[in-house]
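Visitor: So that we are looking at the same thing, I have put the structure below in structure tokens.
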Amino acid sequence: MSRVLGQELPPPLLEQLSGRDLRNRFGRVIPAVTLDAAGFPHPALLSFGEVVALDARRIGLATYADSTTTRNMRERGRLTLLLVEPEGTYYIKGTVRE
């Protein structure tokens, strides 16, 4: 069963996405899901170096300027990130702006 944890990243997720200790996160991915023009989910795999929490309410992403993921974010302004950790799976849903 899922539950909402609030509008801010909890401290454990903030630390996971801090951009520090990338060596221990090497080879792990963060699935990012956008919606395409037809409304279908479009998954992409990002590294922990491409997804960094700027603070508890904002996350910076590094994606290719001409990628489908970037186009979907520009056109629809929504994104879901998934983090699978030993203590549970987190879905981070948000709006996107450049």
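What follows draws every value from the coordinates through simple rules; no lab data is involved. All figures in this text were calculated on a predicted structure; none of them were measured in a lab. Cβ atoms come from the backbone with ideal geometry, glycine included; neighbour counts cover every protein chain shown.
Visitor: Based on DSSP H runs of at least 4 residues, each adding -39500 (n - 2.57), what is the mean residue ellipticity at 222 nm of the chain after dividing by all its residues, to the nearest 500 deg cm²/dmol?
Guide: My calculation for the chain gives -4000 deg cm²/dmol from helical runs alone.
Visitor: May I ask which residue of GLY49, ASN72, LEU61 lies farthest towards the positive end of the charge dipole of the chain, with charges of +1 (Lys, Arg) and -1 (Asp, Glu) on Cβ and the Cα centre as origin?
Guide: Final value for the positive-end residue is ASN72.
Visitor: Now for a separate question. Sort TYR91, TYR64 by Cβ crowding within 10 Å, fewest neighbours at the top.
Guide: With the fewest neighbours first, TYR91, TYR64 line up as TYR64, TYR91.
Visitor: Could you go through segment 80-91 in sequence order and give the Karplus-derived ³J(HN,Hα) for each residue, using 6.51 cos²θ - 1.76 cosθ + 1.60 with θ = phi - 60°, rounded to whole Hz, and x for Gly and Pro?
Guide: 10, 9, 10, 10, 9, 10, x, 7, x, 9, 10, 10
Visitor: Starting with the fewest neighbours, write out GLU75, GLU98, GLU50 ranked by other beta-carbon atoms found within 10 Å of each beta-carbon. It would help to have the intermediate numbers written out before the result.
Guide: Working: GLU75 12, GLU98 5, GLU50 15.
With the sparsest Cβ surroundings first, the list reads GLU98, GLU75, GLU50.
Visitor: Any idea what the alpha-carbon Rg over 2.2 N^0.38 Å comes to for the chain?
Guide: Taking N as the residue count of the chain, the ratio is 1.05.
Visitor: Could you please rank THR89, THR69, THR34, placing first whichever residue has the fewest other Cβ atoms within 10 Å of its Cβ?
Guide: Ordered from fewest to most neighbouring Cβ atoms within 10 Å, THR89, THR69, THR34 come out as THR89, THR69, THR34.
Visitor: For a label point 7 Å from the Cα of LYS93 along Cα→C-beta, name the residues of segment 1-37 whose backbone N is under 19 Å from it.
Guide: 1-10, 31-37
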